[in-house]
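Structure, as C-alpha cells:
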Amino acid sequence: MKRLLLCLLLSVAAARGEPVLVPVLTGAWTPVDQNASVQKLLKEQDRSWHFTPEEAVKAADPVTIKIGALSHCYYSGSKPLTTTLKGMPFARLVGAVYARTSPDGKTWSKAQAVAWGGQSGEDLASAGHPSIVELQPGLFYLFRTQTTKDRSVTHIYRSSDPLDFGLYGNNADALHYVTSLPAVIKAVVQHEGEWFAVQNGKMARLAWRDLPTPSLPVTRAPGITIRVALYDDSGSAGKGIPMVSEQLAKCKDIEVTKLNREGIRAGLNGYDVVIFTGGSSARQANTIGLVGREQVRRFVAAGGGYVGICAGAYLACDGFSWGIKVLDARTPSPKWERGIAELKIETIEEGQKLMGLPKETLVKYHNGPLLVPAGNSSIPDFKPLTYFRTEVAKNGSTPGIMINSPAIARGKFGAGCVLACSPHPEQSVGLEGWIENAVRTVAAQ
C-alpha cells in the first residue's frame, strides 16, 4: 500500500510539471526618488537607439539587453497587415513589439516582430514600452503595455525564445500569455533579489508566484456530491453548453458553475470535474492562455476529472502544442474537417457500464478528433470505450481511417481521470443521459 501511494505521489509530481511563475503587484506605488538603488538601475538601462529605427513603423520605446553573446534591442511600433474582408483585400496597421540583435553593438540584424495580437489586442497602442526580463536561465518574460482611452494595462508573456513571445496565428496566447496587470509598467528592475515595476516616477514591488496545487472540494452544499466547472467563453460554440447545462440540471446532486477565461485561470479549487464542450479547441486554448492550460493540467493531476467533447477532446490531447496534454493522444492526419454526419458507434462492455450507452447506436458527429496514441511515456495510455463503425470523410480528409477508431476514450493523468469524446452524444436523441454518466465516471476516479 505504501509503495502504491509513493508511486501515485511521484506520478502526480511528474504531471505537475515545471513552475509557472506569475508576476503580481504587491503593496502601494511609491515615488522612485525614495529608492536610490532603483533610480541607479533605471539610469543604467540602455534605452538609446543604436541604429536608425524604421520611420515607417513609428518605432518607439527602445530597450537593449544582453542575452548570451548577443545584444537584443526591443521596441514598439506598427505592423502592416493585409486581410480579406468580403473577398476584398483590406490593409491596416497593428501594434507590435520588434527586436534586432547585434554581436558587437554596431552591426544589427533586420527587424523582426516578436509579439503582436492576441489578448493584448491589435490597436496601435497594444505593444508599448516593452520590457524583457530573464527570470530564470533561458526563460524570458515580456511586459507589453496597452494604453487607450478606456484601458491602461500591461500584458505579460513567457517564452524560452527571446525572439518569439507570440505572433497572432501561431497560438500565441495558448503558449505564451501569462497574465495582465492593471497598470502601465514602463520598466522592470531587480535589486538584491527584489523586483520592482516602474511607471511615471513611481514604483511598486513585483512578486513572482507559482500556481498553487488545486484542491478538490472538502465540503459541498447540502445534497451536492459533485461540483462541475463548465467552460463558457470564446472557443465554445453551438448547442454544447446549453445541452450540457440542461441535462446536468436534472441531477439533483450535481452542481454546475459556468466559468469564463478568468475563472479557469484563477484555478479550479473546490471543483470535482471540468468540462470543455464543442467549438474551436485552439481558440479555447488561446482564450485561457498558458496559465489557464496549466491550471487545468494541475487540477487533473491533483485528482480532478476532465470531460472533453469534440473541441474539448482535441484540447485534452498531448499531440498539439496548444493542448492541455492530459491525454496521450494525437490525430493521425492534419485533415481534421471531416464533416457533419450521424454515425454508428459501438461501445465495449466497460463503456456500457460506465456511460450507460447501448452496445450499438447512432450519434451526431461534427469534426471531432480521431485519436491515436501520441507516444508520450510520461502519460498512461488511453483506453477506447467506444469505436466508430461508420465514417464521414469530406474536405480532402483521408477515407478509411475513421472506421474502427476510438470515438470515446478514457485515460489517467496523475491522480485524475480524463474522458475524451469525439462525437456529440449530448446532442443525440436518446443519448442525453451520457453526460451525467461521463461526469460520474471521471469524478469517481
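The values are calculated or read from the model by the stated rules, or taken from the named source; none is laboratory data. Every value quoted in this text rests on a predicted model; they were computed, and no experiment measured them. Heads up, the Cβs are rebuilt from the backbone with ideal geometry, glycines too, and the neighbour counts pull from every protein chain shown. Each accessible area value is taken on the protein alone, full model and side chains, heavy atoms only, with ligands, DNA and RNA left out. Shrake-Rupley method; radii C 1.70, N 1.55, O 1.52, S 1.80 Å.
Can you tell me the relative contact order of the chain? Whole percent, Cα pairs under 8 Å, sequence separation 6 or more.
Working: 1102 pairs, mean separation 55.6, N = 445.
That works out to 12 percent.
Please state the shape class of region 199-292: rounded when a/c is under 1.5, otherwise prolate if a/b exceeds b/c and oblate if not, all from the C-alpha gyration tensor. Mind dumping the intermediate values first?
Working: a/c = 3.01, a/b = 1.50, b/c = 2.00.
In terms of gyration-tensor shape, oblate.
Taking only the alpha-carbon atoms of region 175-227, what semi-axes of the equivalent ellipsoid follow from 5 times the gyration tensor eigenvalues under a square root, in whole Å, largest first? Don't skip to the end; give the middle numbers.
Values: eigenvalues 291, 35, 26 Å².
Equivalent ellipsoid of region 175-227: 38, 13, 11 Å, largest first.
Tell me, what does the Kirkwood hydrodynamic radius of region 70-215 come to in angstroms if you use every pair of distinct C-alpha atoms? Can you show the working numbers first?
Numbers: mean 1/r = 0.0612 Å⁻¹.
Kirkwood radius, region 70-215: 16.3 Å.
With every protein chain kept in place and ligands, DNA and RNA left out, what is the accessible area per residue of region 367-423? Probe 1.4 Å, answer in Å². Display every interim value, and only then the final one.
Values: 2090 Å² over 57 residues.
Value returned for region 367-423: 37 Å² of accessible area per residue.
Tilt of helix 281-301 relative to the longest C-alpha principal axis of the chain, in degrees (0 to 90, nearest 10)?
70 degrees
Can you pick out the pairs among 239/344; 364/394; 250/383; 258/353; 79/325; 86/364 whose Cα atoms lie more than 23 Å from each other? Mind showing how you got there, number by number?
Details: 239/344 21 Å; 364/394 16 Å; 250/383 29 Å; 258/353 28 Å; 79/325 33 Å; 86/364 32 Å.
Among 239/344; 364/394; 250/383; 258/353; 79/325; 86/364, the Cα-Cα distance tops 23 Å for 250/383; 258/353; 79/325; 86/364.
Taking the solvent-accessible surface of protein heavy atoms with a 1.4 Å probe, what is the per residue accessible area of region 76-125 in Å²?
Value returned for region 76-125: 54 Å² of accessible area per residue.
Return the lysines within reach of residue 106: Cα separation strictly under 23 angstrom, same-chain partners fewer than 8 residues apart disregarded; answer none if there are no such residues.
Hits, sequence-local ones excluded: 43, 58, 66.
Once neighbouring chains are kept in place and the probe is 1.4 Å, which whole percent of the accessible area of region 110-267 is contributed by carbon and sulfur? Kindly include the intermediate steps, with their values, before the conclusion.
Working: 3500 of 7000 Å².
Carbon and sulfur atoms account for 50 percent of the accessible area of region 110-267.
Using alpha carbon centroids, what distance separates region 376-432 and region 73-111, in Å?
41 Å
Helix 2-16 versus the longest principal axis of the chain: what angle, 0 to 90°, nearest 10, using Cα atoms?
50 degrees
Sort 392-398, 241-247 by the packing proxy (mean of other Cβ within 10 Å over each peptide's residues), most packed first.
241-247, 392-398
Between the helical axis of 434-443 and the dominant principal axis of the chain, each derived from Cα atoms, what acute angle in degrees is found, rounded to the nearest 10?
60 degrees
Output the Kirkwood hydrodynamic radius of the chain, Cα pairs only, in Å rounded to one decimal. Intermediate results must be reported in sequence, preceding the final value.
Values: mean 1/r = 0.0421 Å⁻¹.
So the Kirkwood estimate lands at 23.7 Å.
Which of these, 191, 424, 72, has the largest mean-square fluctuation under a Gaussian network model of the chain (Cα springs below 10 Å)?
Largest GNM mean-square fluctuation: 191.
First compute the accessible area of region 299-408 with a 1.4 Å probe, then give the percent of it belonging to carbon and sulfur atoms. Write out the running numbers ahead of the final one.
Numbers: 2250 of 4400 Å².
Of all accessible area on region 299-408, carbon and sulfur atoms account for 51 percent.
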